[in-house]
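Here is the structure we will look at, set down as structure tokens.
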Ligand SMILES: Nc1ncnc2c1ncn2[C@@H]1O[C@H](COP(=O)(O)OP(=O)(O)OP(=O)(O)O)[C@@H](O)[C@H]1O
Ligand SMILES: [Mg+2]
């Protein structure tokens, strides 16, 4: 039995462990607490910190290949631990390092001619003021311009993202963060129509699997739901999507993954926006996550293989199909997010709650409910994406956390 090691014990690791066991793999987890979501679902839990070199090296020596659930690992810890143990971490620490920094991530997109918003790396406040002057107003439209400051590393769920729409906001931001300005990039605000997402998996042989294009929606900077596929794909058809720009984007991303020798699953958050040069829409990449992703959880029920299986197949160099096979014409995913006052008000009904039969529940095993914390998610399949989403929005109203 192949032994797979996962660095980290959150819900992404938990779902990977569950899917890995189904595939006949022995799933090991390195995390700090025995009640971490992934630690609960494997006999092969190892107590330790993925950012401690000796603990990591010891863990690696007990598995055949390792992977991550977060791109934010310290390369200075990973490299020597890999050298000591002679066990590979996939995707490679070099690519994880490159893609976990917003500056090098944007440069990677630019280098591979993948459409993304204009950006600048920041050294001084003048860099930011100059860039703001250039992008404060989108051509031909009022109040749709502005810039966005983004922390280069460790941003998530909107933490580290600052939307600036006028000169006053800019100066206030510079007063607050000017001293650490080199830790940020600045990009043009995109007045997007909707947010989309797309995933790929690539194995060592170079086979690339493409997932369908999906739409997602955030509430308070946290993903609330996903629905898809975007564009009408008749049931049983192979094409990932007939959205006009997707085929081109898929080609560009596939080429970039090949040229970078990327191995594993990779997720792209996208903006669908009106083109700056024509009346058509265009798709821009907003952000890359070199791992399995919340926007792909729908795949647990909606596609074969699902994103966790695809990631494991990729890192083991097992064969991959060109596209994920859809199990229905429409699917949706809804995140179950914690509410801060549920304990006090006694509003939590999740224990007594009886889920409807057409909803697939995925709980993450977290005992403490906090405001906005991802406690689980649910998925539904239906004749259309909208019908699937409707099943979940109705269910979400009845479930109180
Ligand atoms: N250039 C932009 N123009 C308009 N809106 C933007 C821009 N960049 C980010 N946003 C908005 O802010 C959200 C968070 O930004 P982004 O995804 O880059 O950061 P994040 O905090 O890393 O998010 P995540 O939770 O996905 O890790 C986006 O989903 C989008 O709604
Ligand atoms: Mg994001």
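Using the number of other C-beta atoms within 10 angstrom as an exposure proxy, rank 211, 262 with the fewest first. Numbers along the way, then the final one.
On the way: 211 30, 262 22.
Least crowded to most crowded, the residues run 262, 211.
Using C-alpha pairs below 8 Å separated by at least 6 residues, the relative contact order for the stretch 142-211 is 35 percent. Overall dimensions of the stretch 3-89, expressed as equivalent-ellipsoid semi-axes from the Cα gyration tensor (√(5λ), whole Å, largest first), are 19, 13, 11. For the stretch 241-314 versus the stretch 81-130, the spacing of their alpha-carbon centroids is 17 Å. Shown for 298, 156: other C-beta atoms within 10 Å of each C-beta, ranked fewest to most, produce the order 156, 298.
Can you work out the FRET efficiency for the pair residue 76 and residue 18, with r the C-beta to C-beta distance and R0 = 30 Å, to the nearest 0.05? Before the final figure, lay out each step's value.
Working: r = 32 Å, r/R0 = 1.06.
Working from the Cβ atoms, E equals 0.40.
Projecting label points 7 angstrom from Cα along Cα→Cβ for residue 137 and residue 58 puts them 6.3 nm apart. Applying 1/(1 + (r/R0)^6) with R0 = 22 Å to the Cβ-Cβ distance of residue 390 and residue 354 gives a FRET efficiency near 0.70. Extending 7 Å from Cα along the Cβ direction at residue 83 and again at residue 277 yields two label points whose distance is 4.6 nm.
Output the peptides 128-137, 172-181 sorted from most to least packed, where packing is the average of other Cβ atoms within 10 Å over each peptide's residues. All intermediate terms of the calculation are to be shown ahead of the outcome.
Working: 128-137: 17.5, 172-181: 14.0.
Highest to lowest by the protection proxy: 128-137, 172-181.
Contact order normalised by length for the stretch 3-89, with contacts defined as Cα pairs under 8 Å and 6 or more residues apart; what percent is it? Reported relative contact order: 32 percent. Extension gain residue 397-residue 163, at 0.36 nm per residue separation less the Cα-Cα distance, in nm? Difference between extended and current length: 81.2 nm.
With viscosity 1.306 mPa s and temperature 10 °C, the Kirkwood radius over alpha carbon pairs of the chain converts through Stokes-Einstein to a diffusion coefficient of 72 µm²/s.
Determine, for 246, 395, 84, the number of other Cβ atoms within 10 Å of each Cβ, and report the residues in order from fewest to most.
Values: 246 22, 395 19, 84 15.
Exposure proxy ranking, most exposed first: 84, 395, 246.
Each residue, residue 317 and residue 34, gets one label point 7 Å from its Cα in the Cβ direction; the gap between the two is 3.9 nm. The helix-based estimate of mean residue ellipticity at 222 nm for the chain, built from -39,500 (n - 2.57) per DSSP H run of four or more residues and divided by its residue count, is -8500 deg cm²/dmol to the nearest 500.
Laboratory data are not the source of any read-out in this text; all were calculated from the coordinates shown. Since this is a predicted model, take the numbers as computed values, not measurements. Neighbour counts run over all protein chains shown; Cβ positions are idealised from the backbone, glycine included.
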